[in-house]
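K.L.:
Dumping the structure here so I can ask a few things about it.
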Amino acid sequence: MNSVATFIQLGFRHIIDVEAMDHILFLLALAAIYRLRDARDALWVVTAFTVGHSITLALAVTGALTLPPALIEFLIPVTIVATGIENLVVSDRTRAPWGGRYRPVFAGVFGLVHGAGFANYLKALFVDHIALPLFGFNVGIELGQITVLLAAAVLLAGIDRLIAWLRAPSLDWPALRIRVVAVSLVVVAVASRWAVQRNPW
(Lines give C-alpha, C1' and ligand atoms only; values in the text may rest on other atoms or scores of the structure.)
Protein backbone atom coordinates (compact mmCIF):
# COMPACT_ATOMS: atom_id res chain seq x y z
CA MET A 1 0.00 0.00 0.00
CA ASN A 2 2.22 2.82 -1.25
CA SER A 3 0.23 4.61 -3.95
CA VAL A 4 -0.56 8.26 -3.28
CA ALA A 5 -3.99 7.70 -4.81
CA THR A 6 -4.63 4.86 -2.36
CA PHE A 7 -3.88 7.10 0.62
CA ILE A 8 -5.95 9.95 -0.83
CA GLN A 9 -8.84 7.51 -1.01
CA LEU A 10 -8.21 6.33 2.56
CA GLY A 11 -8.11 9.91 3.87
CA PHE A 12 -11.31 10.79 2.03
CA ARG A 13 -13.12 7.71 3.32
CA HIS A 14 -11.87 8.31 6.83
CA ILE A 15 -13.57 11.73 6.92
CA ILE A 16 -16.89 10.76 5.34
CA ASP A 17 -17.19 7.43 7.17
CA VAL A 18 -19.87 7.14 9.85
CA GLU A 19 -17.12 6.16 12.31
CA ALA A 20 -15.59 9.63 11.78
CA MET A 21 -18.80 11.28 12.93
CA ASP A 22 -16.90 13.26 15.56
CA HIS A 23 -14.89 15.06 12.86
CA ILE A 24 -18.03 15.62 10.79
CA LEU A 25 -19.81 17.05 13.84
CA PHE A 26 -16.89 19.39 14.51
CA LEU A 27 -17.02 20.70 10.93
CA LEU A 28 -20.78 21.20 11.30
CA ALA A 29 -20.22 23.14 14.53
CA LEU A 30 -17.64 25.35 12.78
CA ALA A 31 -19.93 25.93 9.79
CA ALA A 32 -23.10 26.58 11.83
CA ILE A 33 -22.59 30.34 12.13
CA TYR A 34 -21.87 31.02 8.45
CA ARG A 35 -24.02 31.79 5.42
CA LEU A 36 -22.91 31.62 1.80
CA ARG A 37 -22.04 35.32 1.86
CA ASP A 38 -19.65 34.61 4.76
CA ALA A 39 -17.56 32.26 2.59
CA ARG A 40 -14.34 34.23 3.13
CA ASP A 41 -14.61 34.07 6.93
CA ALA A 42 -15.49 30.38 6.77
CA LEU A 43 -12.49 29.73 4.49
CA TRP A 44 -10.09 31.30 7.01
CA VAL A 45 -11.48 29.11 9.79
CA VAL A 46 -11.34 25.89 7.77
CA THR A 47 -7.81 26.70 6.54
CA ALA A 48 -6.67 27.24 10.14
CA PHE A 49 -8.22 23.90 11.14
CA THR A 50 -6.40 22.25 8.21
CA VAL A 51 -3.05 23.77 9.20
CA GLY A 52 -3.55 22.69 12.81
CA HIS A 53 -4.41 19.09 12.09
CA SER A 54 -1.72 18.81 9.38
CA ILE A 55 0.97 19.85 11.87
CA THR A 56 -0.04 17.34 14.53
CA LEU A 57 -0.67 14.60 11.96
CA ALA A 58 2.87 15.00 10.61
CA LEU A 59 4.47 15.17 14.07
CA ALA A 60 2.54 12.19 15.45
CA VAL A 61 2.96 9.94 12.42
CA THR A 62 6.71 10.57 12.20
CA GLY A 63 7.10 9.79 15.90
CA ALA A 64 8.18 13.32 16.85
CA LEU A 65 5.12 13.63 19.09
CA THR A 66 3.51 10.90 21.16
CA LEU A 67 0.07 11.43 22.62
CA PRO A 68 -2.07 8.93 24.56
CA PRO A 69 -4.87 7.73 22.23
CA ALA A 70 -7.42 7.62 25.08
CA LEU A 71 -6.75 11.27 25.92
CA ILE A 72 -7.07 12.33 22.28
CA GLU A 73 -10.34 10.44 21.84
CA PHE A 74 -11.67 12.29 24.90
CA LEU A 75 -10.39 15.72 23.81
CA ILE A 76 -11.95 15.50 20.32
CA PRO A 77 -15.56 15.71 21.61
CA VAL A 78 -14.43 18.35 24.12
CA THR A 79 -13.36 20.54 21.16
CA ILE A 80 -16.80 20.00 19.61
CA VAL A 81 -18.56 20.99 22.85
CA ALA A 82 -16.37 24.10 23.17
CA THR A 83 -17.14 25.12 19.57
CA GLY A 84 -20.87 24.63 20.12
CA ILE A 85 -20.78 26.65 23.34
CA GLU A 86 -18.87 29.46 21.60
CA ASN A 87 -21.61 29.49 18.94
CA LEU A 88 -24.24 29.83 21.68
CA VAL A 89 -22.46 32.45 23.79
CA VAL A 90 -21.38 34.81 21.00
CA SER A 91 -24.63 36.11 19.53
CA ASP A 92 -23.15 39.24 17.93
CA ARG A 93 -19.83 38.59 16.22
CA THR A 94 -19.21 42.30 15.61
CA ARG A 95 -19.09 42.82 19.39
CA ALA A 96 -17.00 39.71 20.10
CA PRO A 97 -13.34 40.12 21.16
CA TRP A 98 -11.21 41.19 18.15
CA GLY A 99 -14.42 41.40 16.11
CA GLY A 100 -14.68 37.62 16.15
CA ARG A 101 -11.38 37.28 14.27
CA TYR A 102 -10.05 34.92 16.96
CA ARG A 103 -12.05 32.07 15.42
CA PRO A 104 -9.31 30.89 13.00
CA VAL A 105 -6.90 30.63 15.97
CA PHE A 106 -9.58 28.74 17.88
CA ALA A 107 -10.04 26.33 14.94
CA GLY A 108 -6.29 25.92 14.44
CA VAL A 109 -5.71 24.93 18.07
CA PHE A 110 -8.57 22.43 17.94
CA GLY A 111 -7.17 21.16 14.65
CA LEU A 112 -4.04 20.12 16.54
CA VAL A 113 -6.19 17.74 18.60
CA HIS A 114 -8.02 16.32 15.59
CA GLY A 115 -4.73 15.77 13.75
CA ALA A 116 -3.57 13.48 16.55
CA GLY A 117 -6.80 11.50 16.09
CA PHE A 118 -6.09 11.11 12.36
CA ALA A 119 -2.53 10.02 13.15
CA ASN A 120 -3.63 7.09 15.33
CA TYR A 121 -5.51 5.71 12.33
CA LEU A 122 -2.78 6.40 9.78
CA LYS A 123 0.12 4.94 11.80
CA ALA A 124 -1.32 1.45 11.48
CA LEU A 125 -1.16 1.67 7.66
CA PHE A 126 2.53 2.50 7.25
CA VAL A 127 4.95 -0.05 5.91
CA ASP A 128 8.17 1.93 5.45
CA HIS A 129 8.06 5.30 3.67
CA ILE A 130 6.18 8.10 5.36
CA ALA A 131 6.16 11.11 3.02
CA LEU A 132 3.85 9.82 0.28
CA PRO A 133 1.27 8.19 2.58
CA LEU A 134 1.21 11.31 4.77
CA PHE A 135 0.76 13.62 1.79
CA GLY A 136 -1.89 11.45 0.16
CA PHE A 137 -3.84 10.91 3.37
CA ASN A 138 -3.82 14.64 4.11
CA VAL A 139 -5.08 15.46 0.60
CA GLY A 140 -7.83 12.88 1.06
CA ILE A 141 -8.82 14.42 4.39
CA GLU A 142 -9.06 17.87 2.77
CA LEU A 143 -11.21 16.54 -0.07
CA GLY A 144 -13.41 14.81 2.51
CA GLN A 145 -13.71 18.03 4.51
CA ILE A 146 -14.75 19.97 1.42
CA THR A 147 -17.41 17.34 0.71
CA VAL A 148 -18.69 17.51 4.29
CA LEU A 149 -18.74 21.32 4.27
CA LEU A 150 -20.65 21.43 0.97
CA ALA A 151 -23.19 19.00 2.41
CA ALA A 152 -23.35 21.14 5.58
CA ALA A 153 -24.00 24.26 3.48
CA VAL A 154 -26.94 22.54 1.80
CA LEU A 155 -28.26 21.28 5.15
CA LEU A 156 -27.92 24.69 6.82
CA ALA A 157 -29.62 26.44 3.90
CA GLY A 158 -32.48 23.94 4.22
CA ILE A 159 -32.74 24.65 7.95
CA ASP A 160 -32.84 28.39 7.21
CA ARG A 161 -35.76 27.90 4.82
CA LEU A 162 -37.60 25.73 7.32
CA ILE A 163 -37.12 28.33 10.07
CA ALA A 164 -38.30 31.13 7.79
CA TRP A 165 -41.42 29.09 6.98
CA LEU A 166 -42.19 28.14 10.61
CA ARG A 167 -41.09 31.27 12.45
CA ALA A 168 -43.69 33.34 14.25
CA PRO A 169 -43.75 36.97 13.00
CA SER A 170 -43.49 38.22 16.58
CA LEU A 171 -40.20 36.41 17.25
CA ASP A 172 -37.34 38.88 17.68
CA TRP A 173 -34.49 36.50 16.91
CA PRO A 174 -33.17 36.55 13.32
CA ALA A 175 -33.44 33.27 11.40
CA LEU A 176 -29.64 32.83 11.41
CA ARG A 177 -29.49 33.04 15.22
CA ILE A 178 -32.28 30.48 15.57
CA ARG A 179 -30.38 28.14 13.26
CA VAL A 180 -27.08 28.63 15.12
CA VAL A 181 -28.71 27.94 18.49
CA ALA A 182 -30.63 24.88 17.24
CA VAL A 183 -27.64 23.28 15.51
CA SER A 184 -25.26 24.12 18.36
CA LEU A 185 -27.54 22.66 21.05
CA VAL A 186 -27.72 19.37 19.14
CA VAL A 187 -23.95 19.37 18.60
CA VAL A 188 -23.22 20.10 22.28
CA ALA A 189 -25.64 17.40 23.46
CA VAL A 190 -24.16 14.70 21.21
CA ALA A 191 -20.52 15.64 21.82
CA SER A 192 -21.05 15.90 25.59
CA ARG A 193 -22.30 12.33 25.64
CA TRP A 194 -19.25 11.19 23.68
CA ALA A 195 -16.92 13.04 26.07
CA VAL A 196 -18.52 11.31 29.07
CA GLN A 197 -18.29 7.91 27.35
CA ARG A 198 -14.62 8.45 26.42
CA ASN A 199 -13.51 9.88 29.76
CA PRO A 200 -10.05 8.30 30.28
CA TRP A 201 -10.19 8.78 34.05
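K.L.:
Could you please tell me which pairs satisfy a Cβ distance under 7 Å, a separation of 6+ or placement on different chains, a first residue in the stretch 176-192 that is at pLDDT below 95, and a second residue that is in a helix (DSSP H, G or I) and of a type in the set (D, E)?
P.N.:
What qualifies is R179/D160.
K.L.:
Still on this structure, I have one more. Can we say A29 is within 11 Å of the chain's Cα centre (by Cα), of a type in the set (G, A, S), surrounded by 15 or more Cβ atoms within 10 Å (Cβ to Cβ) and within 17 Å of A116 (Cβ to Cβ)?
P.N.:
No, not satisfied.
K.L.:
Among R13, R40, which is the only one that is under 18 Å from the mean Cα position of the chain (by Cα) and under 27 Å from W173 (Cα atoms)?
P.N.:
R40
K.L.:
Checking I72 against (1) of a type in the set (A, V, I, L, M); (2) assigned to a loop (DSSP other than H, G, I, E, B); (3) modelled with pLDDT of 90 or more: exactly one of these is not met. Which one?
P.N.:
(2)
Rundown of residues vs (1) modelled with pLDDT under 90; (2) in a helix (DSSP H, G or I); (3) over 24 Å from T47 (Cα atoms); (4) of a type in the set (F, W, Y), yes/no style:
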position	(1), (2), (3), (4)
G136	yes, yes, no, no
G140	no, yes, no, no
R161	yes, yes, yes, no
D172	yes, no, yes, no
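K.L.:
What number of residues within the stretch 1-46 are farther than 19 Å from A191 by Cβ, aliphatic (A, V, I, L, M) and not in a helix (DSSP H, G or I)?
P.N.:
1
K.L.:
Next up: Name the single residue, out of those in the stretch 35-50 being buried (at least 16 other Cβ atoms within 10 Å of the Cβ) and among the aliphatic types (A, V, I, L, M), that is farthest from V180 (Cα to Cα).
P.N.:
Among them, the one singled out is A48.
The values are calculated or read from the model by the stated rules, or taken from the named source; none is laboratory data. Quantities reported herein were computed from a predicted structural model and do not represent experimental measurements. With ideal geometry, Cβ positions are generated from the backbone for all residues, glycine too; neighbour counts draw on all protein chains shown.
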